[in-house]
Amino acid sequence: MNAIQVISLTLLSVLVANAQVIKPGRCPRPAVQPEFDAARYLGTWYDIQRLPHTFQKGECSTATYSLKSPGVVGVLNRELLADGSISTISGSAMAKDPTEPAKLLVSFFENSPPAPYWVLSTDYDNYSLVYSCTDLGILHVEFAWIMNRQPTMPEEIIEELHSTLSSIGVQVDKLITTNQDASYCSAMHQ
């Protein structure tokens, strides 16, 4: 085996072991929110459902977006871990191409490559559907988040967003629901 194959197999093994969603082929290229307005997207969003991944293990998850500078959005992700502590991570996002403002690149660590953060659909006041996908040679790893401005979301909206995800090949049966119960999540609001 050559070095690229060994690295790819090692990376694949690590991702599979950590419950990432890995699929054959290249990433789909879904349509994104037309005329995305980042200023209207700012504020707090509650995680309702997501594909499983290693970097988000808690409950009561929120993402808060703020304007850092022209064209740069600040990102603050928070979650309640099983031990009762609150985990936070901050980063920034920006559109790679100003003509496609819904296709953001988000970065949380210096000197690490940014990850795609594509807003597929939002009404800005209630729901947001976000998709991210990274090609790994003959495979790809994908992420998806269904978010709402409130800790709960009507089932009919969830079903509509599931339909959008299904249309691009996302296995919606893999989505996990985030606990946003008010009493359970009370530590997040202190």
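The values are calculated or read from the model by the stated rules, or taken from the named source; none is laboratory data. A quick note: this is a predicted structure, and the numbers were derived from the prediction, not measured. Cβ sites come from the backbone with ideal geometry, for glycine too, and all protein chains shown count toward neighbours. Note: areas computed on protein heavy atoms with side chains; ligands, DNA, RNA excluded. Shrake-Rupley method; radii C 1.70, N 1.55, O 1.52, S 1.80 Å.
Count of segment 33-55 residues, restricted to those that are modelled with pLDDT under 95 and either among the hydroxyl-bearing types (Ser, Thr, Tyr) or more than 23 Å from Lys96 (Cβ to Cβ) (or both), is 2.
Can you say whether Ser85 is exposed (fewer than 14 other Cβ atoms within 10 Å of the Cβ) and out of contact with any Asp or Glu (no Cβ under 7 Å at 6 or more places or on another chain), as far as the supplied structure shows?
Working: exposed (fewer than 14 other Cβ atoms within 10 Å of the Cβ): yes; out of contact with any Asp or Glu (no Cβ under 7 Å at 6 or more places or on another chain): yes.
For Ser85, the condition - exposed (fewer than 14 other Cβ atoms within 10 Å of the Cβ) and out of contact with any Asp or Glu (no Cβ under 7 Å at 6 or more places or on another chain) - is met.
Could you say whether any residue in segment 45-66 is surrounded by fewer than 18 Cβ atoms within 10 Å (Cβ to Cβ), free of Cβ contacts under 8 Å to residues at least 12 places away in the same chain, on the phi < 0 side of the Ramachandran plot and part of a strand (DSSP E or B)? No - not one qualifying residue is present in segment 45-66.
Just give me the residues in segment 127-176 being under 18 Å from Thr44 (Cα atoms) and of a type in the set (Val, Ile, Thr), in sequence order. Val130, Ile146, Thr152, listed by residue number. The set of residues in segment 109-149 that are in a strand (DSSP E or B), touching a helix residue (DSSP H, G or I) at 6+ places or on another chain (Cβ under 8 Å) and either modelled with pLDDT under 95 or among the charged types (D, E, K, R) (or both) comprises Leu136, Leu139, Val141.
Being among the hydroxyl-bearing types (Ser, Thr, Tyr), modelled with pLDDT of 95 or more, surrounded by 13 or more Cβ atoms within 10 Å (Cβ to Cβ) and within 18 Å of the chain's Cα centre (by Cα) is the requirement here; does Thr152 meet it?
So Thr152 does not fit the description; no.
The number of residues in segment 176-190 that are open to solvent by 50 Å² or more (accessible area, probe 1.4 Å) and either closer than 17 Å to Met153 by Cβ or assigned to a loop (DSSP other than H, G, I, E, B) (or both) comes to 8. Only residues that are within 16 Å of Pro28 (Cβ to Cβ) and either of a type outside the set (Gly, Ala, Ser) or not in a helix (DSSP H, G or I) (or both) were counted in segment 163-175, giving 8. Among residues of segment 106-118 that are buried (at least 16 other Cβ atoms within 10 Å of the Cβ), those with a Cβ under 9 angstrom from a residue that is of a type in the set (A, V, I, L, M) and assigned to a loop (DSSP other than H, G, I, E, B), sequence gap 6+ or separate chain, pair up as Trp118/Val32; Trp118/Ala102. When the residues of segment 155-175 are filtered to those that are without any contact (Cβ under 8 Å) to a residue 24 or more places away in the chain and under 22 Å from Phe55 (Cα atoms), the one that is least open to solvent (accessible area, probe 1.4 Å) is Val172. Taking segment 23-44 as the range and being in a helix (DSSP H, G or I) and open to solvent by less than 30 Å² (accessible area, probe 1.4 Å) as the test, only Tyr41 passes.
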